[in-house]
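Values in this text are rule-based calculations from the coordinates and carry no lab data. No experiment lies behind these values; they were computed from the predicted model shown. FYI the Cβ positions are ideal-geometry reconstructions off the backbone, even for glycines, and counts take in every protein chain you see.
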Amino acid sequence: MTEERHGAEHPGRLASLYTRATTALAAREWESALFVLEEIAMVDPEYRDTADLAAQAWREVRLVEAYNRGTAALKAGDLEGALGYLNAVVTQRPDFRDAGQKLRAAQQQARLSEFYRRGLTLYTQGRWDEAIEAFGMVIAVEPSYRHALDMLEDSREQLKLANMYRSAMDMIESDDWDGAADMLRSIQGQSPGYRDAGTQLREVERMRALYRL
């Protein structure tokens, strides 16, 4: 006896299974619905609209799986994974749970991470003004983000020292030995070992002594 004939001989069983499947779908119990729909398909693959219902359930299962993976990735700090999964969910179903909200959170974290990395790069390059701007943008959105506040404050200190050092060099160029010496001492007081401030100070003091002869 074929499965088709078996299904035809048991219309009540198929109808009962169909009711169970649609009830599970209404309750958003997608995997349970799929299990029952597969039972129906084994008996009569063309029974009513079970093929369409199975396709719907599979879409929902995939959405739930993508949402769960995206949420887990966001929690773990895997922004690339979170963006990929959550964007896929929102593209298919903009109103799916809180996927849109989580996607925006992931996008914001990605932007903050990019600004922070840019700030670190600028810091290592000695581009203090730009580093201050990058870290400042991070702090404006999330004040406690990683070490952004410490890096912002240090960038400001480094900028201050760089400006003082530049002023000392200008004073040396104009033979302002007293002003250069005071500035270089101030630099050393704030940051011992800063660049060649010690060497420059000794040379300035030597030149000042010569000028006083």
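Can you give me the angle between helix 50-76 and the longest principal axis of the chain, using Cα atoms only, in degrees from 0 to 90, rounded to the nearest 10?
That helix lies at roughly 20 degrees to the long axis.
Compute the distance in nm between two label points, each set 7 Å from the Cα along the Cα-to-Cβ direction, one at ASP154 and one at LEU210.
Label-label distance for ASP154 and LEU210, simple model: 3.9 nm.
Quick check: pseudo-label points 7 Å beyond the Cα along Cα→Cβ at ALA162 and ALA105, how many nm apart are they?
About 3.7 nm, to one decimal.
Could you tell me how far the Cα centroid of the range 14-59 sits from the Cα centroid of the range 60-136, in Å?
Here the answer is 37 Å between Cα centres.
Between ASP129 and GLN188, what is the label-to-label distance in nm when each label sits 7 Å out along the Cα-to-Cβ direction?
About 3.0 nm separates the two model spin labels.
Can you give me the angle between helix 197-212 and the longest principal axis of the chain, using Cα atoms only, in degrees from 0 to 90, rounded to the nearest 10?
Orientation of helix 197-212: about 20 degrees from the principal axis.
Using 0.36 nm per residue of separation minus the Cα-Cα distance, give me the extension gain between ASN68 and ARG146 in nm, one decimal. Intermediate values should be presented prior to the final figure.
Numbers: separation 78, 0.36 × 78 = 28.08 nm, distance 2.58 nm.
Here the answer is 25.5 nm.
Roughly how big is the chain's charge dipole about its Cα centre, with Cβ charges of +1 (Lys, Arg) and -1 (Asp, Glu), in debye to the nearest 20?
420
Before rounding to the nearest 500, sum -39500 (n - 2.57) across all DSSP H runs of length at least 4 in the chain and divide by the residue total; then give [θ] at 222 nm in deg cm²/dmol.
-27500 deg cm²/dmol
Using alpha carbons only, how many angstrom separate the centre of the range 177-194 from the centre of the range 196-213?
Using only Cα atoms, the two centres lie 12 Å from each other.
Subtract the Cα-Cα distance of ASN87 and MET42 from 0.36 nm times their separation in residues, and report this length gain in nm to one decimal.
Gain on extension, ASN87 to MET42, equals 12.7 nm.
For a quick protection proxy, order the peptides 16-22, 72-78, 182-188 by their average other-Cβ count within 10 Å, most packed first. All intermediate terms of the calculation are to be shown ahead of the outcome.
Numbers: 16-22: 17.3, 72-78: 14.1, 182-188: 19.3.
Result, highest mean Cβ count within 10 Å first: 182-188, 16-22, 72-78.
Over the alpha-carbon set of the range 1-97, work out the extent along each principal axis and list the three values in angstrom, largest first.
Principal-axis extents of the range 1-97 (Cα, largest first): 56, 23, 20 Å.
So for the chain, considering every pair of alpha-carbon atoms, how many percent are separated by more than 28 Å?
In whole percent, the share of Cα-Cα pairs in the chain beyond 28 Å is 61.
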